[in-house]
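First comes the structure, then the notes that go with it.
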2 protein chains.
Amino acid sequence: MRVELITIGNELTSGEVVDTNAAFMAELLSEAGLEVVFITTTGDEALRIEDSLRRAQERVEVIIVSGGLGPTKDDITASSAAKAMKLDLVLNREVLENLKKRFAEGGMEMPISNEKQAFFPRQAEIIPNPMGTACGFIVRRPGKVFIFLPGVPRELKVLMREKVIPFLEKERKEKVLVRSRTLKVFGFTESAIADLLKDVRPQDFSATLAYLPRYPENHVKIIIRGRVAEEAEDNLRKLESLIREKLQGRVIAVDRETLEEIVGQLLRAERANLAVAESCTGGLVARRLTQIAGSSDYFERSVVVYSNAAKVQMLGIPGDLIDRVGAVSAEVAEKMAEGVRRVSNATLGLAITGIAGPAGGSEEKPVGTVFIALASPKGTVSRRYPFMGDRDQIQTISAYTAIDWVRRYFLNLIPAFKNL
Amino acid sequence: MRVELITIGNELTSGEVVDTNAAFMAELLSEAGLEVVFITTTGDEALRIEDSLRRAQERVEVIIVSGGLGPTKDDITASSAAKAMKLDLVLNREVLENLKKRFAEGGMEMPISNEKQAFFPRQAEIIPNPMGTACGFIVRRPGKVFIFLPGVPRELKVLMREKVIPFLEKERKEKVLVRSRTLKVFGFTESAIADLLKDVRPQDFSATLAYLPRYPENHVKIIIRGRVAEEAEDNLRKLESLIREKLQGRVIAVDRETLEEIVGQLLRAERANLAVAESCTGGLVARRLTQIAGSSDYFERSVVVYSNAAKVQMLGIPGDLIDRVGAVSAEVAEKMAEGVRRVSNATLGLAITGIAGPAGGSEEKPVGTVFIALASPKGTVSRRYPFMGDRDQIQTISAYTAIDWVRRYFLNLIPAFKNL
């Protein structure tokens, strides 16, 4: 079954809003083994919506439409659909009663404008929307299925996952079962990953691999198609473990997990806490770690020591050391990590100092030169990195690398600590 | 002239990449007064690309295509275009020579695969690409113009701005001149802005206004259409100043400026510097300020005092004060601001303490309760805010509000300081 997506809204054709709904739907459909062949976007204009629907049914079997189901006069998808398919628009009493009940529960009378959200093309199958007033609906025509969904991303996502994908999987004659997993890799380039995985034969596992750059991560997505769930899951497990082995501990998280969540879980499991001293990352390490709910359990503090005075004063770094070797140096990074660990009494002290640019580079220490240090019960280590990119990229990859050091510490992947 | 955009790439129809190119092009075209009526996306497949081109020319006058101009065998836009328009694909010797020269300058021989980037439909007008090997091109058909651009966002953006928009403005028979400005508003909701501007009559200035929510900002975009540049610019100036007056100092930046840039400019102009003490924002204030190149000139430090121990130890906040009034309080916020100002010797000390959630709220101080304080040569002020939303939204709006306090301080917009 080939699919066309139609996304509707003036905010899309004017470029005010980026069409993330289309990408979301396309990704979910691809994962389910359904091919999206066209995506059409048009504004809230009846003739254009009708034109899009008619052209779509000439070229695919499944048409999924999002947007234009709201209560305002701009929202004309249902009536345009009825016209394009030559069906009457009829009132669904059950939906109307539910809408009224919904408003009554909120202590309000239903505005008259919402009444139109109870009108659908004749024979439409309703997709209830637990999160909003715009129900989705399905209309069948010979050999074709039209699915209409609200454009609010939160609502669309739930209806796609919970209703549309299961519905299409049932519709599909050829029963194909799809299992997928995204391995998030950090620390190898896309071509390095391809090289490390060159002897992996995904076809031996009825799988395909997709490589998705997601700066600063690179994702390897395993997609398994099969007929028997157990077999597919077994193949997925085996291929994942093979790839993980080849990637030498550089898989930082899977699917929707983030690096910061994994690091938080490790810190929590070890009853450890973390203090950070940041220079060139300017608070980004702290920001990322504290995006996670509950991070106060293990994140003790960060000091963003942008000035040399702050480094000396807050972390006890000898002023003459900075004069002698420079603030961007292994020695200062190590002193920062040890200093923040000491003053905070945390299990781990993590430090970053470097040159994010665009100014401040020298021949010896060009823009992108970054030192990362970790002070721990096992001692202190530091490393110099030659990062590339603009200011934002250098800050991002520096913060990522530093946070990943904590993961690598707990997984015993830091070479200098290995034999301790 | 009506426009259809066609974006090409398997990464788009599979949902691996969100189509930001389409939104970028649509926004630029709208600003220039050109209406985008359809956006079509399809994969790297010859028949589908041809189908998209043929359908587009049935319904609009200008077709802009992006993607598929690279050197690999997936890149088939030029050949598909030639087929759809029934034109030969011919070698452009000048482009070929330039490509070879480009590689030679990099010390390399041109790979044979790049040769195809010198083939274009007969009569195509070349759009040179100073940033890459994929030139754009223009093909005219009776009453229609086809414009082809590379899909690399960086290259597409420059070619759109510098070549395509000026080209289309020349093509347009009815000479309409467009001037626009985006006023970025922070501190008023969209409906509050609409209310404050209800007596503003944009039509008196040959203007239209668009309201664009860009959390946590709300943008008011002024678009002026006219025939005489001076008149349009005069209208823009007058309408902008009228709106600014109505919005009472809540316009934080215009067009591509950011709040952090404006705050940086103000600090620099006043030869002042800033130190920050953050709790619930977890480093986000520091992160945002240090994204700006050169921020080390005025950003002195930030301490992310997540634990109470850090607050006591680094900022000299009396431990019994925290016990008495709680870490989330006006008193502690003020002591944090004064403490970080004192230890850093900075002109301004800014502090944020609050409950970002999802846990940690109480009846008296629910999730979203945030105190912001500013310590300055004029004294110290603080305020309690009742923010709404999830953790990320509360952190974002808290950081924004705090940074905006610095702007308001220098513009003399903080009421408590007004008469000092």
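Annotations
- Selection status of B:Ala78, touching a Gly at 6+ places or on another chain (Cβ under 7 Å), modelled with pLDDT of 95 or more and outside the structural domain of B:Lys221 (by TED's automatic domain parsing): no
- Meets criteria (on the phi < 0 side of the Ramachandran plot, modelled with pLDDT of 95 or more and out of contact with any His (no Cβ under 8 Å at 6 or more places or on another chain)) for A:Asn10: no
- For the range B:10-47, filtered to residues that are surrounded by fewer than 19 Cβ atoms within 10 Å (Cβ to Cβ) and touching a Ser or Thr at 6+ places or on another chain (Cβ under 6 Å), the residue that is farthest from the other protein chains (Cβ to nearest Cβ) is B:Ala46.
- At least 2 residues being of a type in the set (A, V, I, L, M) is the threshold, and among the helices (runs of 4 or more DSSP H) wholly inside the range B:1-104 those reaching it are B:20-31, B:46-59, B:77-84.
- Residue in the range A:313-323 that is facing chain B (nearest Cβ under 8 Å) and among the hydrophobic types (A, V, I, L, M, F, W, C) present: yes
- Whichever residue in the range A:282-298 is more than 8 Å from chain B (Cβ to nearest Cβ) and either over 29 Å from A:Ser329 (Cα atoms) or modelled with pLDDT under 95 (or both) and, among such residues, is surrounded by the most Cβ atoms within 10 Å (Cβ to Cβ): A:Ile292
- In the range B:96-119 there is no residue that is surrounded by fewer than 22 Cβ atoms within 10 Å (Cβ to Cβ), closer than 18 Å to B:Ile6 by Cβ, in the same structural domain as B:Glu11 (by TED's automatic domain parsing) and among the basic types (Lys, Arg).
- Within the range A:388-404, if we keep just the residues that are hydrophobic (A, V, I, L, M, F, W, C) and surrounded by fewer than 22 Cβ atoms within 10 Å (Cβ to Cβ), the residue that is nearest to A:Gly357 (Cα to Cα) turns out to be A:Met388.
- Some residue of the range A:322-343 being assigned to a loop (DSSP other than H, G, I, E, B) and within 18 Å of A:Gly379 (Cβ to Cβ): no
- Of the helices (runs of 4 or more DSSP H) lying entirely inside the range B:226-315, those containing at least 1 residues that are more than 22 Å from B:Leu411 (Cα to Cα) and of a type in the set (Lys, Arg) span B:284-290, B:308-315.
- Enumeration of residues in the range A:260-281 that are crowded, with 20+ Cβ neighbours inside 10 Å, away from chain B (no Cβ under 14 Å) and within 24 Å of A:Glu338 (Cβ to Cβ): A:Val263
- Residues (away from every other protein chain (no Cβ under 12 Å), surrounded by fewer than 24 Cβ atoms within 10 Å (Cβ to Cβ) and either over 21 Å from A:Ile397 (Cα atoms) or touching a residue at least 24 places away in the same chain (Cβ under 8 Å) (or both)) located in the range A:332-363: A:Glu334, A:Glu338, A:Thr347, A:Glu363
- Taken over the range A:255-298, the residue count meeting the criterion of being touching a Leu at 6+ places or on another chain (Cβ under 6 Å) and either of a type outside the set (A, V, I, L, M, F, W, C) or not assigned by TED's automatic domain parsing to the domain that holds A:Thr347 (or both) is 4.
- Of note, B:Asp234 does not satisfy the criterion of being away from every other protein chain (no Cβ under 12 Å), more than 19 Å from B:Thr347 (Cβ to Cβ) and at pLDDT below 95.
- Filter result (out of contact with any Ser or Thr (no Cβ under 7 Å at 6 or more places or on another chain) and either in a helix (DSSP H, G or I) or among the aliphatic types (A, V, I, L, M) (or both)) within the range A:133-156: A:Ala134, A:Ile138, A:Val139, A:Val145, A:Ile147, A:Val152, A:Arg154, A:Glu155
- Pair list, Cβ < 9 Å and 6+ apart or interchain, from the range B:189-200 residues that are surrounded by fewer than 12 Cβ atoms within 10 Å (Cβ to Cβ) to residues that are part of a helix (DSSP H, G or I): B:Asp199/B:Lys246
The values are calculated or read from the model by the stated rules, or taken from the named source; none is laboratory data. All figures in this text were calculated on a predicted structure; none of them were measured in a lab. Using ideal geometry, Cβ is built from the backbone for each residue, glycine included, and neighbour counts are taken over all protein chains shown.
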